[in-house]
Protein chains: 2
Amino acid sequence: MASNLVSARNIEFLLYEWLDVERLSSRERFAEHSRESYDALLELSAQLATDHFATHFRKSDEQEPTFDGTTVHLIPEIGDALKRFAEMDGFSLQADEEFGGMQLPATVGTAASTWFTAANIGTACYSFLTVANASLLVAHASDEIKQRYARPMFEGRFFGTMAMSEPHAGTSLGDVTSRAIPQADGTYRVFGSKMWISGGDHEIAENIVHLVLAKLPDAPEGTKGISLFVVPKFLVNEDGSLGERNDVVLSSINHKLGSRGTVNTAPVFGDGAFQPGGESGAIGFLVGEPHKGLKYMFHMMNAARLAVGTAATGTASAAYLKSLDYARSRPQGRALTTTDQATPQVEIIEHTDVRRMLLAQKSYVEGAMALALLCASLLDDERTAETEEARAEASKVLGVLTPIVKSWPSQWGQESTSLAIQVLGGAGYTRDYDVEQHWRDQRLNPIHEGTHGIQALDLLGRKILMDGGAGLMALAGRMEKTIAAARELGGEPSAYADQLKAQLDRIGEVTFGLVALGDPEKIMANASVYLEAAGHLVVAWIWLEQLVVAGTTEGDFYNGKRQAGRYFFATELPKITPMLDLVAAGDLTSYEMQDAWF
Amino acid sequence: MASNLVSARNIEFLLYEWLDVERLSSRERFAEHSRESYDALLELSAQLATDHFATHFRKSDEQEPTFDGTTVHLIPEIGDALKRFAEMDGFSLQADEEFGGMQLPATVGTAASTWFTAANIGTACYSFLTVANASLLVAHASDEIKQRYARPMFEGRFFGTMAMSEPHAGTSLGDVTSRAIPQADGTYRVFGSKMWISGGDHEIAENIVHLVLAKLPDAPEGTKGISLFVVPKFLVNEDGSLGERNDVVLSSINHKLGSRGTVNTAPVFGDGAFQPGGESGAIGFLVGEPHKGLKYMFHMMNAARLAVGTAATGTASAAYLKSLDYARSRPQGRALTTTDQATPQVEIIEHTDVRRMLLAQKSYVEGAMALALLCASLLDDERTAETEEARAEASKVLGVLTPIVKSWPSQWGQESTSLAIQVLGGAGYTRDYDVEQHWRDQRLNPIHEGTHGIQALDLLGRKILMDGGAGLMALAGRMEKTIAAARELGGEPSAYADQLKAQLDRIGEVTFGLVALGDPEKIMANASVYLEAAGHLVVAWIWLEQLVVAGTTEGDFYNGKRQAGRYFFATELPKITPMLDLVAAGDLTSYEMQDAWF
């Protein structure tokens, strides 16, 4: 029976027929791997996600985490699922062998992770945070920190957090006020309050490793004066055993709209609840050099933002497949042309408007899934492609695609889960069905790891304009290749290639036109609209890539690919014309709006 | 201090500067009224909504209704608020004097109701159902039923339900299987299970009057065989006192995503829990003639669908104003051009992208509000306009606008509440703020009282094509007048008039083109897209109307109107071009999609 979480057939198509991940085995890092090991991982992921993550999807929402002033209580299924995830080496899939890792390609690791995000994003989130934390340490911390803190995270024994935001400093990280005071022994004492910290406390891991942004006494103002520290809940002895309790406690936890299984907390460092070493302050260890904390964090950003996009994709995938199941089994109404009301009702999938809602979801979910896997393959290429040139090109394209893979699945995944509710009608509005929870879970994705608006500034400001358009040109180069391939096929793909080419040329013109506006506030006034147009353009390209691979191959699966691609080109891509018109016109309506006029 | 529920200044603008409701006093039905009585009602509504509806908004969500197998338990604040609503004659605002009503115009009644929907839609819903029920009885039931059941509903002592759907018959009402068996005394015994019935049981009213769709033994198949019955929870004696308990009980209640204060139930009629008169079956009283139940229900549909649109508008209004408050008080970040990070952070309303999200909300909320009030004024005109011709014209235009006033605020009110969450960022994702609840409450509106897809079939199939385009022509006639007035003003309004005229002509062409497709399934294949395009066109017209009224009047309020109108014409109206292109092309992608291809 087909899963209602992820289409394994689609993953197979994307990995093997499109991205050809098998070619990666020729690279030293992945030499141990083959389709056999990839398939084994994907099957194991599907099974574990189905049997131990999906099973407490509803329960983790109904019985959200509680905090009694001392301890965070989670339902036991969350810890149990993550223990099993650790047992399948889930925390170290992509890690270096040196740290016990499997060195799997990010492409395959991302494909595997869609199973867990689809099954239960609230539980899966603990593992993503932990892996991101450990990977950052491997890239920037001392060997001692790597061994003492990163290794147990890859083993799934310790969990990690990203303790960046503070109550008055969410998006504006330059304004953090947490302080770190250097000690004679080379450690630091950390003081400060953090906010919105996922996984900030719980008892489902042996230890919690906080990555904390804080300022040294001599720090410059703003973003250039932020350093990064490892602050563990329990200090770790040289032999790896747990030592003293460090001074990090929670002031409270947040009560969320969705994604409830992931406890979200307000931790306090150095408030005096504990006195490690008999003195005040949470003991911390500097990661890398002073004042470079934000740089290290941003180094992880591509992977973290891809993880959000993958979470959004998995969530939308489950909602889509569950609404598809419902549409196939729920009888209601008859064809518009049926005059004899004594005939039995038909399943609602027979109504065109229901198929429209399912097809839209399919085009969003499979578009987002392909985009996420492409970005993961760019992560692989950035690191392991054969030539310096190829690595640089992958890096450039990934830079431009990162705000898109973060924002597009978040935005259209929301629309997709909303359509899933609509397919179910009144039933979809009850908590008897999962779709409403997926819709609530999804709403987090355009907010965390940089809001939608921040992605827009990143794309247009940093990734396109500051870069002199080099990233955009590299991406356009790839699109041109797809356009050429589609034109060679002729027929529909060729027509879609023309459509894509026209919009690609247009976005190029529009981008150059923006520069002429001069004033940065005016250039960026419609950055969100630009982001959304660019996102749809990119996903149209991704669909054309899929259509080229599908070619004229026969069968239901390929017919479905072609129909979803047709849907995207007929209904979705044309939406960007008015968006680009607005940007091209240098519209200043929002810019000129005044507070007093609201 | 300005309210964070509704802009009283905007209501004033719409009622007096735009719709000129004062002119209604020249009509006999409204002769007792004047601006003084309207203002008094609006002020009283604002006060009651603020002091007794908004105050338990969160509590009614956190402590949703429970059912112990016998009794439904609601928090006491719901009953208290509705008691106060009854004391201000809220249930009989628009009712005939004959039934103790105030005979207020629907335009003013609808304006008043936005306060309650903004404050607490879950509580306000009980009154809407009751008024709809009582109004239907006044239109179609016997005098005895009117006196015994409608009158106490207008007094707010009895509450009403609309018991239409059944577990297997939601949208497809022709498939209801509830039965009504005629008795020798002229009453009926009703048997059957209903589903999705709001307010189906509780103890906050003296009695509950169910309007039940059921089939008589000799009923024809399908929609033409459905009759309508009054089935009270307690039978009512001739003197108005409560008599025996009737045989209607609940099998269960539904647990919803939002709008939780309104208990949603699955009632069972005639299951034997009670034996009224010592016999089996719930005692019911036929409304009007046999087999005409659906016709009577549809008679109320314009008002009921307007009520949904008004609920969606009120919900979006509260979320908008609450996010505006937040944006004015939350410091975060600095201007893009600020290089000195030692300067204080600015309130987020100073960021263009935040103003964009607020301005979008303003354009949706004030567009929807104006649309709702216009439809209410058409209800008034349909009933009381001076000439037969004017009444017929109002009726035609209202017919076309009804699926739009139901669906447009529901769809864009969702986008609007989502933007409210986004303005708050992480805070918006917590239950510490109201916006997430408004977003959940809002999600019901595209589902109940006919789903979005049903509105699309109603607009394109029934209201436009079956009518030979007469309704569309009547609406176009009104738009042409606005276009002429805007052109006379010159400047921006004149340019918007040209933009509107082009899209109006286009939709006319596209509509005629559709007819040529022949096959009803093909004609209706993109009915939802057509609905959404038509909705945006109508709201653009509504904005042009407002811009014509605002003219060049100075002041913050009028500047705000012009800026929001500018936003709608720059960002929103252009979205319909690709939609109409799709419809014009007779796109069959969804129609041709096959089950096996998903």
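Readers should treat all values here as calculations from the given coordinates under stated rules, not as data from a laboratory. A quick note: this is a predicted structure, and the numbers were derived from the prediction, not measured. Virtual Cβ from ideal backbone geometry, glycine too; neighbours counted across all protein chains shown.
Descriptive notes on the structure:
- Inter-copy label distances at B:Thr337 (7 Å, Cα→Cβ; nm, one decimal): 6.3
- Structure-based [θ]222 nm, the protein assembly as shown - -39500 (n - 2.57) summed over DSSP H runs of at least 4, per residue, nearest 500: -16000 deg cm²/dmol
- Straight-line cross-link reach from B:Lys501 at under 22 Å between alpha-carbon atoms covers these lysines, not counting any fewer than eight positions away in the same chain: A:Lys575, B:Lys396, B:Lys463, B:Lys481, B:Lys561, B:Lys575.
- Prolate/oblate/rounded label for chain A (Cα gyration tensor, a/c 1.5): prolate
- Relative contact order [Cα under 8 Å, 6+ residues apart], chain A, whole percent: 12 percent
- Segment A:442-598: relative contact order as a whole-number percent, Cα under 8 Å and 6+ apart: 28 percent
- Whether segment B:438-533 is rounded, prolate or oblate, judged on the alpha carbon gyration tensor where a/c under 1.5 counts as rounded: oblate
- Calculated label separations, A:Ala390, copies of the chain, 7 Å along the beta-carbon direction, nm: 7.8
- One Cα centroid belongs to segment A:377-450, the other to segment A:25-69; the line between them spans 17 Å.
- Residue-wise HN-Hα couplings along segment B:518-523, as the Karplus relation 6.51 cos²θ - 1.76 cosθ + 1.60 with θ = phi - 60° gives them from phi, are x, 5, x, 5, 6, 4 Hz; Gly and Pro carry x.
- 10 Å Cβ neighbours from other chains, averaged over peptide A:565-573: 4
- Most positive-pole-ward Cα, B:Leu235, B:Ser395, A:Gly69, against dipole of the protein assembly as shown from beta carbon charges: B:Ser395
- Amide H contacts of A:Val236 (H built 1.01 Å from N, in plane; Pro and chain starts excluded): A:Gly243 sit under 5 Å, all sequence-distant by 5 or more or on other chains.
- Along each principal axis, Cα extent of segment A:451-593, largest first, Å: 54, 28, 25
- Rounded to the nearest 20 debye, the dipole size of the protein assembly as shown about its Cα centre is 500 debye, using +1 on the Cβ of Lys and Arg and -1 on the Cβ of Asp and Glu.
- Greater than 21 Å apart at Cα, pairs in A:Lys83/A:Lys406; A:Lys59/A:Lys322; B:Lys194/B:Lys295: A:Lys83/A:Lys406
- Local electrostatic count, A:Pro578, Cβ distance below 10 Å [Lys/Arg +1, Asp/Glu -1]: 0
- Distance from the C-alpha centroid of segment B:197-237 to that of segment A:521-565: 50 Å, rounded to the whole angstrom.
- By the combined test of axial Cα extent (at least 18 Å) and Kyte-Doolittle hydropathy (mean at least 0.5), the qualifying DSSP H helices of chain A come to A:106-140, A:527-550.
- Within 10 Å of the Cβ of each residue in A:168-181, the mean number of Cβ atoms contributed by other protein chains is 3.
- Nonlocal amide H pairs with B:Lys292, under 5 Å, H built at 1.01 Å: B:Leu228
- Packing around the peptides B:584-595, A:352-363, taken as the average count of other Cβ atoms within 10 Å per residue, puts them in this order, highest first: A:352-363, B:584-595.
- Taking a straight Cα-Cα cut-off under 16 Å and skipping sequence neighbours fewer than 8 places away in the same chain, the aspartates and glutamates within cross-link reach of B:Lys224 are A:Asp340, B:Asp175, B:Glu289.
- In terms of its alpha-carbon gyration tensor, segment A:187-306 comes out rounded; the largest-to-smallest axis ratio a/c stays below the 1.5 threshold.
- Look at the stretch A:584-591: the mean tally of other chain Cβ atoms within 10 Å of its residues' Cβ atoms is 5.
- For A:Ser198, nonlocal amide neighbours, meaning residues 5 or more places apart or on other chains whose placed amide H falls under 5 Å from its own, are A:Met162, A:Thr265.
- Descending principal axes extents, the protein assembly as shown, alpha-carbon based, whole Å: 92, 63, 61
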